[in-house]
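One structure is given here, and the rest of the page talks about it.
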Amino acid sequence: MTQAARLESRRILITGEDAELAARLGTVFKRAGAVVRTTDGLPDEELHVAASPDAAVQKLGGLDVLVNIGPAVLPGDHPDLEQRSPDVERALVRFMERLVTTTETALEAMSPGASIINVVALSVDPLTAAHEALAAAVVDTTQDWAAILMRRGIRVNVVVGGPSIDPAVEAELDGTDGEEPAAQSAQLDVLVYLASTNSSHVSWISSVSGARL
């Protein structure tokens, strides 16, 4: 299988709070052959959160991969856990609630062989105390989901605090469609791997601070 076809026909939904990273991952996945939809996962407060993934999944005609991306910025962050702003606590709770609701909604369209990838603080370097707290919560949730969903043949993995997007990769992503896919870079290839059928044996792997699988 060529690099450009690693995700051939895989239907991928990217949702979360880091719109820039979602757009870049969408570009990488498309260049690897996937059909991609993105959504911020944050509809207006008066709208039901489930409406956002539902609409995207309907347009995809099913779902093979769900990517949940955490926020790149948290309000009022502070290096001392004891002095974090209440706004940070609310942001953490809000993201976890939406992570769970979005995933539960998307699961209805996922069959055996599907994959869920939770991504936290990919754009944050170094990790702040608040992002570390969020990462810990997402890692614990991912581990629980992996144990439960393996019975349905659905894999769940998490990537935390890396791999980072370096300037060379950014330049590639800004290039033309005819260029080699930026997913060849180790910084993003881990996500392509977890989204592909090549990782059909992998569930509950945590890639921390740029560690490679």
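Would you pick out the residues in the stretch 97-145 that are part of a helix (DSSP H, G or I), farther than 14 Å from residue 68 by Cβ, touching a strand residue (DSSP E or B) at 6+ places or on another chain (Cβ under 9 Å) and open to solvent by less than 40 Å² (accessible area, probe 1.4 Å)?
131 - this is the single residue of the stretch 97-145 that is part of a helix (DSSP H, G or I), farther than 14 Å from residue 68 by Cβ, touching a strand residue (DSSP E or B) at 6+ places or on another chain (Cβ under 9 Å) and open to solvent by less than 40 Å² (accessible area, probe 1.4 Å).
So, of the residues in the stretch 29-53 that are under 13 Å from the mean Cα position of the chain (by Cα) and either open to solvent by less than 10 Å² (accessible area, probe 1.4 Å) or hydroxyl-bearing (Ser, Thr, Tyr) (or both), which turns out to be modelled with the lowest pLDDT?
By that ranking, first place goes to 41.
When you check residue 117 against the structure, is it under 20 Å from residue 15 (Cβ atoms) and either touching a Phe, Trp or Tyr at 6+ places or on another chain (Cβ under 9 Å) or modelled with pLDDT under 80 (or both), yes or no?
Details: under 20 Å from residue 15 (Cβ atoms): yes; either touching a Phe, Trp or Tyr at 6+ places or on another chain (Cβ under 9 Å) or modelled with pLDDT under 80 (or both): no.
So residue 117 does not fit the description; no.
What residue, of 106, 56, 23, is at pLDDT 85 or above, closer than 22 Å to residue 154 by Cα and within 16 Å of the chain's Cα centre (by Cα)?
Answer to the selection: 106.
Of the residues that make up the stretch 162-178, is at least one modelled with pLDDT of 70 or more and open to solvent by less than 20 Å² (accessible area, probe 1.4 Å)?
No: the stretch 162-178 contains no residue that is modelled with pLDDT of 70 or more and open to solvent by less than 20 Å² (accessible area, probe 1.4 Å).
The values are calculated or read from the model by the stated rules, or taken from the named source; none is laboratory data. Note that the structure is a prediction, hence the values are computed from the model and not measured. Don't worry about glycine lacking a Cβ; one is built from the backbone with ideal geometry, like all the others, and counts go over all protein chains shown. Keep in mind that these areas ignore ligands, DNA and RNA; they rest on the heavy atoms of the full protein, side chains included. Shrake-Rupley method; radii C 1.70, N 1.55, O 1.52, S 1.80 Å.
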